[in-house]
Number of protein chains: 2
Amino acid sequence: MTLSNTKLEMIRRLIRRQLIGPLGKILDTLKAADLSEIMVKLTPEEQRIVLTTLHLSGKAGELLAELPEKNLREILGGVNDALLHKILTQVQADDAAMLLEHVDRVRAFEVLERLPSMISEKIEEIMRYPHDTAGSMMNTGFLEFYEATTAREALESLREYTRDTNDPIYSLYVMDETHKLMGVISIRALALAQPEDPLEEIMDRDPVVVDAFASTEEAARLITKYDLVSLPVVDESFALVGIIMVDDMIDTIMESMADEAYLMQGVTEQDRLETPVLRSVRSRLPWMAVNLLTAFVASSVVGLFEKSIAQVVALATFMPIVAGLGGNTGTQSLAVTIRALALGELERAEALRAVFRQVMVAILIGSIIGVSTGLIAYGWRGSPVLGLVIASSMLINMTIAGLVGSGVPLLLKAVGQDPAMGGGVLVTAVTDSLGFLAFLGIATMFIGYL
Amino acid sequence: MTLSNTKLEMIRRLIRRQLIGPLGKILDTLKAADLSEIMVKLTPEEQRIVLTTLHLSGKAGELLAELPEKNLREILGGVNDALLHKILTQVQADDAAMLLEHVDRVRAFEVLERLPSMISEKIEEIMRYPHDTAGSMMNTGFLEFYEATTAREALESLREYTRDTNDPIYSLYVMDETHKLMGVISIRALALAQPEDPLEEIMDRDPVVVDAFASTEEAARLITKYDLVSLPVVDESFALVGIIMVDDMIDTIMESMADEAYLMQGVTEQDRLETPVLRSVRSRLPWMAVNLLTAFVASSVVGLFEKSIAQVVALATFMPIVAGLGGNTGTQSLAVTIRALALGELERAEALRAVFRQVMVAILIGSIIGVSTGLIAYGWRGSPVLGLVIASSMLINMTIAGLVGSGVPLLLKAVGQDPAMGGGVLVTAVTDSLGFLAFLGIATMFIGYL
């Protein structure tokens, strides 16, 4: 934090004094990820000067590819066509396609038209695929090799190819004459092979692949499951169309974990801090409506017992405790279960045992917390029966909470739904309603002794 | 699911009939990650036969490294010393160290002693570092190169080295005579360099590194931030001691995202589905105690207004609605904010604007939901004043919820705490207490008109 603030101040000073030479030297020492953090704190005018300076050392594209997408439209809006053109030739095709998404449509086409066709064709190929598909995340830079090519020939073509391109290459893809993917070889295996070995002898004939129209989540799942560094993307005829790199996917992997986790709160992946207010409202309202409905159910349960509450008003006072602790118990079991499902830690065969264990945890915590609350209530209100009613209803409610919290996501998964989907609202709905039913119901049975 | 179940049945049948040849062929077609899913469904006796069969083709170690850690103790317990010895020579040193963690201490040392010292030294080097450090996740397989070495010489040493080892190598590390790390070169850059280039001309002199005793989370953060494929691990004198690969870290990256997300529910990272019941109880009890305390605060607020409730029992009926909708609004803002912080999407400068926006969202949703609830209450109970009291107190509570939900994690972060830490409990504590205060307080002011 402090280090990057010092650099930020230094960069600002050099910009003010227009010392482009020293500015370029400082910028050169920074990694793109660090520079990106500084960049978003600069004014539009300062950003323009940084980009122009970086462009001299060919590093402007690298920085732009690293910037948060939400800042791109503004920054690219301040860049002139000549610089944009230059930047697009400096970045990988997938990054170029991503950058062009944040530029006006007409301008994007004009700039594309003026690029060398070798570059623009690759970018257009990627832009054909919708935003959330594997195809939109891929790089199209790869060389075509055949099974009879030798390791030496392959290495030579590679050396030549990389002189003209920025595409990162970790693997070679071996094809037949129809472009069908026959196998994969890592550059590492190639470099270490005997020079005269034909590729078919060193290639892996059964690579993991993903369809170009599959979701980015599916690509992330494959990379995660098989611990891949790169994932080939194929079309419907199994022809290779591009490659996805793990380093480009880490953000997607992290985001899909986060989406899953926060879904249980009724927060969708489109609902971010930077989402416009009205769109956030629209995406949350349906959940709030469901929540309102379940709250009315809980409220109706209370309504059934208004006569008891009128007789013993203290019951109203203890309602929040019974509901609150039950809700928390349920949400904890829910979080533990969804977490295990999201990380792929839970086998179907273990599901029943997992629910059983969560219920046991809930019973033990329910006993301890229930008895404590009962004793406090007894001390506060002087009624031992009230204490017993509270203790027993809390134990019942927290046991149900453990069951519902762990059971709901497993049931949702069993019927093919997203296990995290709105579980939080459902669990508190059940613990509120059943908690009030247990507490006020038992209290009504013993109303004469309270 | 269906595919792997068919394979599972086929494998079981071949084991029963003791057809080891065909069994080996089927097992060979499966990737380690898929085989791992099948393995955990087999009986211990079947697992032993699969491991013995895989061992013939040298693939037993690869499978074991892929199995969930919770299954390892049982499976390794069923493996005899000769097979275990063989397996440890087949896997990378970090996986060997991880496997030995799940074997009795005495047995681990006996097996280590009988391994060739070239292998056992590497494994022991990794076992020196505590479980959650970068050192425990690293591979120690690397060659030492110097700045004057040429690309051709480096490639030749590499070819020789990889004949005797399973360590994956993506980069070369260039050192001075004290082992101090001077620079890094990807194998790709090496393969593509001119053969006579000295390494110092092609190496990156400012590589991102991690300290061996840094946490695995720190290593994950660096890999994520700088989009690295491999991360060199250094000791206090900047000497290279090992390398962490991104594919070994993906699980850690996913887990640290998940930990962060579920922390807001008061679920710690040690509290998993497979955690023994008593340990889960112990880890959750402190949170439940805090929750009990805050619930008593909310309950005391209700207690202040028992006279009003005795006069108008309907107030008790509507309490769950005011508290529930407020709690949900707060938790949603909390989830959106923690999500942004966890993904590094929120700059300090934008924090105030983010809180403002969450409050705006809460005010809009509060108006819509508050007015709807007020109208329903009016229709249900026939009192327009009751409807107004409910609508206004819900709007107040939900506005506060938006402020607290987005403000609390930002405040926690500003004072150097984990922004997710128990935010869920705190937010519902505030929305319960202030919600009851607003609702019952306003109701008491107009009690004559209800």
Is the shape of the range B:277-449 best called rounded, prolate or oblate, per the rule: a/c under 1.5 gives rounded, else a/b larger than b/c gives prolate, else oblate, with a ≥ b ≥ c the square roots of the Cα gyration tensor eigenvalues?
oblate
For the range A:229-236, take each phi angle, set θ = phi - 60°, evaluate the Karplus expression 6.51 cos²θ - 1.76 cosθ + 1.60, and give the result in whole Hz per residue in order, putting x for glycine and proline.
8, 9, 10, x, 10, 10, 8, 5
From the backbone phi of the range B:28-35, what are the Karplus-calculated ³J(HN,Hα) couplings (6.51 cos²θ - 1.76 cosθ + 1.60, θ = phi - 60°) in whole Hz, Gly and Pro given as x?
5, 7, 8, 7, 3, 5, 6, 4
Largest fluctuation, A:R152, A:R221, A:R13 only, Gaussian network model of chain A with Cα springs under 10 angstrom, belongs to A:R13
Taking A:K307 as the anchor, which lysines have their alpha carbon closer than 17 Å to its alpha carbon, excluding any fewer than eight residues away along the same chain?
B:K307
For the range A:117-160 and the range B:382-450, distance of Cα centres in Å:
56 Å
Under a 5 Å amide H to amide H cut-off, with H placed in plane at 1.01 Å, what residues pair with B:S186 once short-range neighbours are removed?
B:L172
Restraint check, A:K180/B:K25; A:K225/B:K180; A:K225/B:K225; A:K59/A:K225; A:K86/A:K180, Cα-Cα greater than 30 Å
A:K225/B:K180; A:K59/A:K225; A:K86/A:K180
If you add up the charges near A:G78, with Lys and Arg at +1 and Asp and Glu at -1, over every other residue whose beta carbon is less than 9 angstrom from its beta carbon, what do you get?
-1
For B:E274, the residues 5 or more places away or on another chain with a placed amide H closer than 5 Å to its own amide H are none
Residues with amide H under 5 Å from that of A:I244, placed H, sequence gap 5 or more:
A:N139, A:L231, A:V233
Could you calculate the FRET efficiency of A:R16 with A:E160 from 1/(1 + (r/R0)^6), where r is the beta carbon distance between them and R0 is 45 Å, rounded to 0.05?
0.50
Anchor B:K7: aspartates and glutamates whose Cα lies under 16 Å away (excluding residues fewer than 8 positions away in-chain):
B:D28, B:D34, B:E37, B:E46
What 222 nm value per residue comes from the helices of the protein assembly as shown, counting each DSSP H run with n ≥ 4 as -39,500 (n - 2.57) and dividing by all residues, nearest 500 deg cm²/dmol?
-21500 deg cm²/dmol
Tell me, what HN-Hα J-couplings in whole Hz come from the Karplus equation 6.51 cos²θ - 1.76 cosθ + 1.60 at θ = phi - 60° for each residue of the range B:101-115, using x for Gly and Pro?
5, 9, 10, 3, 3, 4, 4, 4, 5, 4, 5, 4, 5, 8, 7
Return the subset of A:K41/B:K413; A:K70/B:K31; A:K31/A:K70 for which the Cα-Cα distance in this structure is over 28 Å, preserving the input order.
A:K70/B:K31
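Report for chain A the percent antiparallel among DSSP-assigned beta bridges with both residues inside it, nearest 5. Each step should come with its number before you reach the end.
Working: 15 of 19 bridges.
Taking every DSSP beta bridge within chain A, about 80 percent pair in antiparallel fashion.
Rule-based calculations on the coordinates, nothing more; no lab input. Just so it is clear, the structure is predicted and the values come from calculations on it, not from any experiment. So basically every Cβ, Gly included, is an ideal-geometry build from the backbone, and we count neighbours across all protein chains shown.
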